[in-house]
Amino acid sequence: LFYNLRSVKTKLAYIYSFLVTFISINGYSQCDMQVNFEDYTTNGMSSFIEWNPIDDNTVVCSSSDWQPSFLVNNDTLLNVKITGEVYVNPIINDDDFIGFVFGYKSPNMNTQSNDNHFYLFDWKKEGQYCPVAFGSFYANEGFSLVEAKGLIAEDPVSTYRHVWGHVNNENFSLLDYRYSSSMGWEYSTIYQFELIYTYNKVKISIDGELIFEMDGCFDPGLFGLYSFNQNAVVYQNISIEQYYQIHIDNEQDLYCEGESVGFHFIDPNCNDLPPNTVSFQWNFGDDTDLSQDLNPQHTFAEPGDYTVELYLENLLGCTDTIRQEIHIKANPSFVEEPHDVECFVGDDIYFAVEASNALNYQWYYKDRDMDFFETLQNDGYFSGVRSDTLRVNDVRLPFDKMEFLCSINGECLTNISSEAGEII
């Protein structure tokens with residue numbers, strides 16, 4: 001469980017010889033930020049644990065203690081995708097915890113070392129009891145997702161009860177887990193990890209496999225690396241990029257021309273604009289003015305396919321573009337309306353309409369003694385009353401000056417009425 005480091009320099013050199021085989025598979029987007037571990041600080045309940053940078057983007061935890069340790073950045077983050085690689089060197093026979101923290105607020109130099117406020121993803125190589133002196137708590141092999149939200153007693157037994165055994169209390173909660181005898185990490189294996197941390201979602205993947213996904217409302221915080229009694233764990237090629245998605249309010253199957261559509265990328269009920277994003281602009285793709293509203297409402301005047309773009313500028317002055325496609329359906333409309341028809345008694349005549357985006361038709365009539373149009377029914381004189389062509393058979397004298405109009409509806413809007421045509 002414990003290991004006395006005899007020669008840090010010798011082991012760092014040995015570890016580095018393994019690192020030459022590291023190959024980054026990260027595809028860097030416009031606003032990727034490569035991590036520099038020279039800017040990270042060690043936090044936790046132990047002053048003996050050492051995190052040693054091998055270069056700007058490679059660091060090794062080269063000693064262990066009975067307390068957990070965090071190597072934490074100095075940038076408050078939210079709505080980010082963090083990717084990287086983790087590797088455990090086989091020079092030490094150990095089987096303990098590796099992982100990372102996020103949404104991290106403490107411990108730090110301004111707080112007590114046991115004042116824990118963070119989310120923790122940890123990964124245990126093998127199931128194991130800790131020593132009797134620390135409470136004999138059992139740690140399962142596999143993955144855990146934990147929320148720490150306050151003080152735990154500053155003694156080894158309390159530390160192992162929660163951080164090792166994942167026993168819940170009011171300040172320490174096991175949110176999710178995946179345990180089995182085949183889920184531990186292995187030596188000499190480069191694992192690719194991905195953390196997506198947004199205002200309403202956490203997603204963690206290892207080598208492309210989704211391990212945890214959690215919905216909620218999450219606050220900005222720091223990101224850090226984690227080791228608990230595990231020597232020779234190496235992290236490298238970590239990058240951070242903005243991760244936002246455009247959401248359409250009240251998502252539905254159909255959006256219509258002339259109707260207001262709402263967009264957001266931050267839900268104000270959950271969070272405000274994170275500090276790592278300093279400005280934003282919306283482009284709705286229809287040649288209208290750009291918008292700087294946090295949750296804009298936009299009306300598309302014409303049907304068609306539009307690409308809505310969101311331009312996000314981060315603290316480094318880099319601008320990312322997020323896109324969302326939206327299809328605006330056309331309202332039904334008349335291309336040709338009924339014409340007056342001159343005829344003789346006994347003729348068969350037709351009134352017709354041509355319409356676009358119409359699903360249903362209904363004809364109405366009004367004679368000289370009526371003040372309103374009434375629904376027309378198929379009978380011996382009228383047919384096609386629910387089609388685009390109305391037929392009037394064997395015209396009678398009472399039909400003189402009778403008017404007919406057609407009402408249509410479509411997927412968008414309903415009951416659009418034509419002008420009236422008249423029998424003369």
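The values are calculated or read from the model by the stated rules, or taken from the named source; none is laboratory data. These numbers were taken from a predicted model, which means no experiment stands behind them. Here the Cβ positions follow ideal geometry from the backbone for every residue, glycine too, while neighbour counts run over all protein chains shown. SASA here: full protein model, heavy atoms, side chains in, ligands and nucleic acids out. Shrake-Rupley method; radii C 1.70, N 1.55, O 1.52, S 1.80 Å.
Could the peptides 297-303, 225-231 be put in order, highest first, of the mean number of other beta-carbon atoms found within 10 Å of their residues? Write down the numbers at each step before the final one.
Details: 297-303: 14.6, 225-231: 25.7.
Those peptides, ordered most packed to least, come out 225-231, 297-303.
Under 30 Å Cα to Cα from K401, which lysines show up? Leave out anything in the same chain fewer than 8 places away.
K366
Taking 25 Å as R0, compute the FRET efficiency from the Cβ-Cβ separation of D272 and E411 and round it to 0.05.
Plugging the Cβ-Cβ distance into 1/(1 + (r/R0)^6) gives 0.10.
What ranking do 190-197, 133-140 get when scored by the average of other Cβ atoms within 10 Å per residue, highest first?
Per-residue mean Cβ counts within 10 Å order the peptides as 190-197, 133-140.
So how do 354-363, 331-340 stack up, highest first, on mean other-Cβ count within 10 Å? Don't jump to the answer; show the numbers that get you there.
Values: 354-363: 16.6, 331-340: 14.9.
So the order, starting with the most tightly packed, is 354-363, 331-340.
Once both axes come from the Cα atoms, what is the angle between helix 8-19 and the longest principal axis of the chain, in degrees from 0 to 90, rounded to 10?
40 degrees
What share of all Cα pairs of the stretch 281-424, in percent, falls into each consecutive 5 Å distance bin?
2, 9, 15, 15, 11, 8, 7, 6, 6, 6, 5, 4, 3, 2, 1, 1, 0
What whole number of Å gives the distance from the Cα centroid of the stretch 316-358 to the Cα centroid of the stretch 234-270?
First find each Cα centre; the distance between them is then 32 Å.
Among (1) 4, 18, 21, 15, 10, 8, 7, 7, 6, 3, 1, 0; (2) 4, 18, 21, 17, 14, 13, 9, 4, 1, 0; (3) 4, 14, 18, 13, 10, 7, 4, 3, 3, 4, 4, 5, 4, 3, 2, 1, 1, 0, only one was calculated for this model; which label is it, if the read-out is P(r) over Cα pairs in 10 Å bins from 0, in percent?
Calculated P(r) over Cα pairs in 10 Å bins from 0, in percent: the matching label is (1).
Could you please put D55, D379 in sequence from largest to smallest accessible area, using a 1.4 Å probe?
Reading off the accessible areas and sorting them downward yields D379, D55.
Charges at C-beta only: +1 for Lys and Arg, -1 for Asp and Glu. How large is the resulting dipole of the chain about its Cα centre, in Debye rounded to 20?
My answer is approximately 2680 debye.
With the dipole of the chain worked out from charges on the C-beta (+1 for Lys and Arg, -1 for Asp and Glu) around the Cα centre, which of Y129, A330, V395 lies farthest toward the positive end?
About the Cα centre, the residue reaching furthest to the positive side is Y129.
Per residue of the stretch 336-342, in order, report the coupling 6.51 cos²θ - 1.76 cosθ + 1.60 (Karplus, θ = phi - 60°) as ³J(HN,Hα) in whole Hz, putting x for Gly and Pro.
So the Karplus estimates, Gly and Pro as x, are 9, 10, x, 10, 5, 10, 8 Hz.
Put a dot 7 Å past each Cα toward the Cβ at T307 and I196; how far apart are the dots in nm?
A separation of 2.1 nm, rounded to one decimal place.
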